[in-house]
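The values are calculated or read from the model by the stated rules, or taken from the named source; none is laboratory data. Predicted model only: the values in this text are computed from it and were never measured. Positions of Cβ are backbone-derived with ideal geometry, glycine not excepted, and every protein chain shown enters the neighbour counts. These accessible areas exclude ligands, DNA and RNA; they are computed on the full protein's heavy atoms, side chains included. Shrake-Rupley method; radii C 1.70, N 1.55, O 1.52, S 1.80 Å.
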Amino acid sequence: SEAETLRAELREARQRAIQSEFALQENVYLRQLLDYIDGPRFPADFDPVVAEVIGRPAGAFTQAIVIAAGANNGVRSNDPVVTADGLVGVVTRVTSGTARIQLLTDEEAAASAIDLRTGATGIVRHARGTRETLVLDRVRKQDVVRRGNEIVTAGWRAGALSSLYPKGIPIGKVTSVGQTDTDLFQQVQIDPYVDFGSLDA
C-alpha cells in the first residue's frame, strides 16, 4: 500500500515536471517573439556575494545580523539577502568590510509577495507575538490562497519605482488561512523556509 502510494506520488511529480518544462519552453519562445523586456529575476539576473554571519546586534526585539562583506565586496544598501532556502532580508547599513541586514522577521520589515499557485498578492510581515512566524497581509477576500501553497517575492515595478526584492525569491509555505465577516482581508499565516535563528552564512 505504501509503495503504491509512493508510485502514485512519483507519477504526479513527473507529470508536473513535464508540464513545467513545457510551460518554460513556451514562455521563452513567446518572450522571443514579443521582444519582451522583463525586470530582474532571481537568481538568474544577480551575482551573489557569499559571506559569513559575524554578529547579531544586541536588543531584545532586534531582528538583524551582521555579515563579513561590505562595500569593498560590492554590497550596497537595499540589496536583497538570501540563503539557499530563501529570503532572509535586506541590507540596511554598509561599511567597507561589513553589512547589517534587517531580517524579514523584524517588526519593521515587509516584502511584496505572491502565491505561486494562485497569483494572490499581499505583503509578508512579521507576525505579532512570535519571532519566526510570518503573515501574508492585505490579501483580498476574493483571492484564493490555500494551505501548503508556496509564497515568493512579487518583484513589482511601477515606472521608476520598484520593490527592493526581485521576483521569485522563495519565502515560505502557507500554514493556515482564515477570515471573518468583519475583516477586510484574509488572515494568512506562513512558515518561512529560512531558519532565522541559526543563520551562519
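Points worth noting:
- For segment 1-47, the Cα-based Rg and Dmax, in that order, read 16.7, 51 Å.
- Accessible area expressed per residue, segment 19-135, with surrounding protein chains retained (probe 1.4 Å, Å²): 63 Å²
- Projected label distance in nm at R147 and D183, using a 7 Å step from Cα toward the beta-carbon: 1.4 nm
- Cβ-Cβ FRET estimate between D191 and A68, R0 fixed at 25 Å, reported to 0.05: 0.30
- Per residue, the convex hull around the alpha carbon atoms of segment 95-201 comes to 132 Å³.
- Relative to one another, the C-alpha centroids of segment 1-42 and segment 169-201 are positioned 25 Å apart.
- Volume of the Cα convex hull of the chain, divided per residue and given in Å³: 177 Å³
- Solvent-accessible area, 1.4 Å probe, carbon plus sulfur percent, for segment 66-201: 46 percent
- For R157 and R7, the FRET efficiency from 1/(1 + (r/R0)^6), where r spans their Cβ atoms and R0 equals 41 Å, is about 0.40.
- For E21, the solvent-accessible surface computed with a 1.4 Å probe is close to 90 Å², ligands and nucleic acids excluded.
- C-alpha long axis of helix 2-34 to longest principal axis of the chain, angle in °: 70 degrees
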